[in-house]
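A short worksheet on the structure shown next.
Derivation of every value follows stated rules applied to the coordinates shown; laboratory data play no part. Source: prediction; values computed, not measured. Please note: Cβ atoms are built from the backbone with ideal geometry, for glycine as well, and neighbour counts cover all protein chains shown.
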Amino acid sequence: MLDAVVLGSAAGGGFPQWNSNAPACRRARRSDGAAVPRSQASIAVSANQRDWFVLNASPDLRLQIEATRVLHPHEGLRSSPIAGVIVPGGDIDAIAGLLHLRERHRFSVYAPARVLSVIAANPIFNVLAPDCVERIEMPLDRQIELAGATGRSGVAVVAFAVPAKVPLYLETAGEEPGIAEDGDAVGLQIVDLGTAKSFFFIPGCAAMSDRLRRRLTGSELVFFDGTLWRDDEMIRLGVGTKTGRRMGHISMSGDDGAIAAFRDLGVKRRIFIHINNSNPVLLGESPERKLAEAAGWEIAYDGMEVRL
């Protein structure tokens with residue numbers, strides 16, 4: 001049986017964002033019950049309640065571990081149930097948290113080849129000593145079993161490309177990055193090898209392609225990119241100059257948004273994750289939250305637990 005715990009549900013910067021004085025962030029700082037704070041997107045998953053795997057090494061990872069009892073040390077003076085970290089993309093949101101795990105704990109980092117090359121190119125990640133932390137390539141579109149601390153974990157993963165652009169810090173100055181489905185962003189299918197049940201984790205996606213549509217049709221559960229409610233949201237609010245698509249994120253609403261894209265896919269449970277502080281669905285009483293829920297979507301929150 002797969003157990004998943006949402007460690008963080010917000011997009012980069014979290015909610016409230018450290019330098020945002022927008023009304024929603026002010027409400028979150030006042031402990032407004034309808035504006036619940038959220039850390040940056042990450043999930044922990046296990047099939048045996050012993051070996052846990054973190055999806056996305058969020059910059060907030062240390063605090064997320066402390067807030068999640070199943071990830072606390074429980075043996076000897078130093079230990080951790082974290083057997084591995086799965087890094088699907090090279091964005092800061094997905095890799096920065098690795099630096100919190102540098103205290104010589106044995107675990108594996110699983111990532112596509114191009115993400116491993118990003119990590120290898122930056123010597124700061126050498127604080128993860130190679131005699132403790134193995135880096136394992138995740139080939140796209142191939143199922144691999146994740147290693148438990150003392151044996152089989154019962155969890156496998158399939159990594160697959162989704163429509164995306166290159167990470168911001170890898171863009172070429174003066175050039176408009178295009179949207180492609182060649183591995184700049186990767187979705188994950190997490191599989192329970194005992195029951196064959198699975199769920200999808202896709203925190204960054206620029207569009208719904210035919211290939212992605214076929215993959216998700218009829219699935220049990222999808223955690224999906226919920227960064228923005230509308231494509232020009234940041235521009236309208238005066239807090240940015242880019243559309244969601246330019247940033248590599250599909251919007252929730254609109255004819256080409258996620259809600260419309262999922263309407264006929266037969267996905268049994270749909271949960272938005274990686275939600276930007278500008279997105280009104282973070283506010284419990286907002287019309288946008290009601291529209292999303294009426295369309296059958298849930299809004300992820302830190303500490304949310306899901307079992308398959």
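Key figures
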| quantity | calculated |
| --- | --- |
| Full-extension gain in nm, Glu293 to Asp210, via 0.36 nm per residue minus C-alpha separation | 27.4 nm |
| Ascending count of other beta-carbon atoms within 10 Å, so fewest first, for Met1, Met304, Met252 | Met1, Met304, Met252 |
| Residue exposure sequence - Thr195, Thr68, Thr150, Thr227 - by fewest surrounding Cβ within 10 Å | Thr150, Thr195, Thr68, Thr227 |
| Gain on full stretching of the segment that runs from Ala260 to Arg135 - 0.36 nm per residue minus C-alpha separation | 41.2 nm |
| Share antiparallel - DSSP beta bridges, the stretch 3-307, percent rounded to 5 | 50 |
| Alpha-carbon Rg with Dmax, taken over the stretch 3-307, Å | 18.4, 55 |
| Anisotropy class of the stretch 37-164 from Cα gyration tensor, a/c 1.5 cut | rounded |
| Asn21-Asn126 pseudo-label distance in nm [points 7 Å out on the Cα-to-Cβ vector] | 4.3 |
| Burial ordering of Val115, Val267, Val162, fewest other beta-carbon atoms within 10 Å first | Val267, Val115, Val162 |
| Share, in percent, of DSSP beta bridges within the stretch 1-150 that are antiparallel, nearest 5 | 40 |
| DSSP loop GluC sites (Glu not before Pro) with at most 14 other Cβ within 10 Å: longest gap in the chain | 1-74 |
| Loop-located chymotrypsin sites (Phe, Trp or Tyr not before Pro) in the stretch 1-103, at most 10 other Cβ atoms within 10 Å (DSSP) | Trp18 |
| Added length on full extension, which subtracts the Cα-Cα distance from 0.36 nm per residue, Arg29 to Gln143 | 36.8 nm |
